[in-house]
Amino acid sequence: MLSFRKQLFLIGLLALNQCVQSSHHQIKPPQFAMMTSWVSPIDPNVTLTQKFRPTKNQRHKGIDLAGRLNQPLYAVNNGIVTYHGEKFRGYGKMVLIDHGSGWTTLYSHLNKYNVKNGDQVQTGQVIGFMGQSGRASGVHLHFEIYKNKIPIDPLMVLPIKYKSR
């Protein structure tokens with residue numbers, strides 16, 4: 001059996017391949033109908049500092065939201081914590097949540113955890129606190145959404161508009 005690290009690496013390669021092959025065929029919002037109760041992973045009064053740009057920067061498959069140290073981070077939907085730890089280079093303290101039906105969310109650069117592997121989480125539950133762990137130039141949340149291992153622009157799914165710099 002492959003280690004979790006190798007599994008995530010393979011998921012990343014598959015997602016990258018899918019993204020490159022389908023760069024002209026992005027998933028459209030109507031396909032998000034199964035996940036109707038998304039909430040913001042953080043208080044919406046934060047600043048969007050980096051947008052979703054997987055075709056320009058293969059390593060940036062999510063968004064960055066700047067806030068304050070130890071600001072609470074929330075589960076965007078019900079799910080099960082499949083990973084919490086620091087084993088992935090650059091991400092620092094990280095949490096992965098499986099929401100079922102192929103949906104997964106990733107929260108990174110945390111300062112502290114409020115969940116552990118195997119925990120069931122509810123929409124809006126505090127899962128951790130914002131920090132600057134890993135390769136981060138400032139306090140922020142790096143947030144990613146995957147559907148069937150393909151990265152999705154969180155701004156297409158989340159019911160909130162963040163202010164930009």
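The values are calculated or read from the model by the stated rules, or taken from the named source; none is laboratory data. Keep in mind that this is a model prediction, so the values were computed, not measured. Cβ placement follows ideal geometry from the backbone for every residue including glycine, while neighbour counts extend to all protein chains displayed. Surface accessibility is based on the protein's heavy atoms, side chains included, excluding ligands, DNA and RNA. Shrake-Rupley method; radii C 1.70, N 1.55, O 1.52, S 1.80 Å.
General observations
Table: residues versus (1) modelled with pLDDT of 95 or more; (2) over 14 Å from the mean Cα position of the chain (by Cα); (3) part of a strand (DSSP E or B).
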| position | (1), (2), (3) |
| --- | --- |
| LEU73 | yes, no, yes |
| VAL81 | yes, no, yes |
| LYS87 | no, yes, no |
| LEU96 | yes, no, yes |
| LEU106 | yes, no, yes |
| ASN117 | yes, yes, no |
| GLY128 | yes, no, yes |
| HIS142 | no, no, yes |
| TYR146 | no, no, yes |
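- Pairing each residue of the stretch 95-121 that is farther than 24 Å from ASN70 by Cβ and open to solvent by less than 10 Å² (accessible area, probe 1.4 Å) with any residue that is basic (Lys, Arg) and assigned to a strand (DSSP E or B), provided the two are 6+ apart or on different chains, yields C-beta distances under 6 Å for TRP103/LYS147.
- Residue list for the stretch 126-155, restricted to those being touching a helix residue (DSSP H, G or I) at 6+ places or on another chain (Cβ under 7 Å), closer than 14 Å to HIS99 by Cβ and either free of Cβ contacts under 8 Å to residues at least 40 places away in the same chain or hydrophobic (A, V, I, L, M, F, W, C) (or both): PHE143, ILE145
- Hey, LEU65 modelled with pLDDT under 90 and either over 13 Å from the mean Cα position of the chain (by Cα) or part of a strand (DSSP E or B) (or both) or not: no
- Within the stretch 138-151, the set of residues being out of contact with any Lys or Arg (no Cβ under 9 Å at 6 or more places or on another chain) and more than 20 Å from TYR113 (Cα to Cα) comprises LYS147, ASN148, LYS149, ILE150.
- Among the residues of the stretch 131-165, those that are in contact with a strand residue (DSSP E or B) (Cβ under 8 Å, 6 or more places away or on another chain) and of a type in the set (A, V, I, L, M, F, W, C) comprise ALA136, VAL139, LEU141, PHE143, ILE145, ILE152, LEU155, VAL157.
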